[in-house]
Amino acid sequence: MTEITLKIFLGGILIMATFTDIRWQRIPNILTYPSMVFALIFHVQGSGLHGLVFSLSGLALGLAFFMLPYLMGGMGAGDVKLLGAVGAALGAKGVFVAALCTALVGGLYAAVLIIIKYRDCKGLIARYATTLKIFAASGELYTIPAAEDEKQPKLCYGVAIALGTLIAVYLKTTGTSLMGLLP
């Protein structure tokens, strides 16, 4: 199998994850776990023990990147596992770049969503501002739950992960650095 096989596979997984995240607001295990296994097998088959270490280190780093936001309730477990699958495919360095690109895309996505749904986001913005003030004053991190009637805009972070990963793969393929994109 060639590197192009892995890129096509990863692209297909990202498209399916984007679809399921937009449609049902979840990224199913039936998509993420087999993706991790495929990437591990791909790299072991191609590079033996070195491939296993490459893939496992990417998997672990991918899971670690989103573990804290998940534990704080900021994203779903499917998002964490999807980035883990990306890490298994791209390795530690690749998932690091993908996570950075994902964070940039996710930030832009959230900003656009807040602008479009500002009325629905007022309570969310106020809660986060209060959380940051408490953290700055006391060093303690308290989350403030939403009111029962508060509307929450849905941020499908699988979309950001897919776009961020595609940008990272493009950068690697073209030999462009992330800093090379800045003026």
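The residues of the stretch 8-38 that are more than 17 Å from the chain's Cα centre (by Cα) and surrounded by 14 or more Cβ atoms within 10 Å (Cβ to Cβ), listed by number, are F9, F38. Within the stretch 115-140, residues that are modelled with pLDDT under 80 reach partners that are outside any loop (DSSP other than H, G, I, E, B) with beta carbons closer than 6 Å, at six or more positions or on different chains, in the pairs C121/I114.
Residue-wise test of (1) in the same structural domain as L166 (by TED's automatic domain parsing); (2) within 19 Å of L31 (Cβ to Cβ); (3) assigned to a helix (DSSP H, G or I).
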residue: M75; (1), (2), (3): yes, yes, no
residue: K81; (1), (2), (3): yes, yes, yes
residue: K93; (1), (2), (3): yes, no, yes
residue: A111; (1), (2), (3): yes, no, yes
residue: G123; (1), (2), (3): no, no, yes
residue: I134; (1), (2), (3): no, no, yes
residue: E140; (1), (2), (3): no, no, no
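Scanning the stretch 149-172 for residues that are surrounded by fewer than 18 Cβ atoms within 10 Å (Cβ to Cβ) and modelled with pLDDT of 90 or more yields Y170, K172.
Do we have I27 as at pLDDT 95 or above and not in a helix (DSSP H, G or I) here? Walk me through how you get there before you give the answer.
Values: at pLDDT 95 or above: yes; not in a helix (DSSP H, G or I): yes.
Yes; evaluated as a whole, the condition is true for this residue.
When G84, G74, G51, G46 are screened for being at pLDDT below 95 and surrounded by 15 or more Cβ atoms within 10 Å (Cβ to Cβ), only G46 passes.
The values are calculated or read from the model by the stated rules, or taken from the named source; none is laboratory data. Note that this is a predicted model, so its numbers are computed, not measured. So basically every Cβ, Gly included, is an ideal-geometry build from the backbone, and we count neighbours across all protein chains shown.
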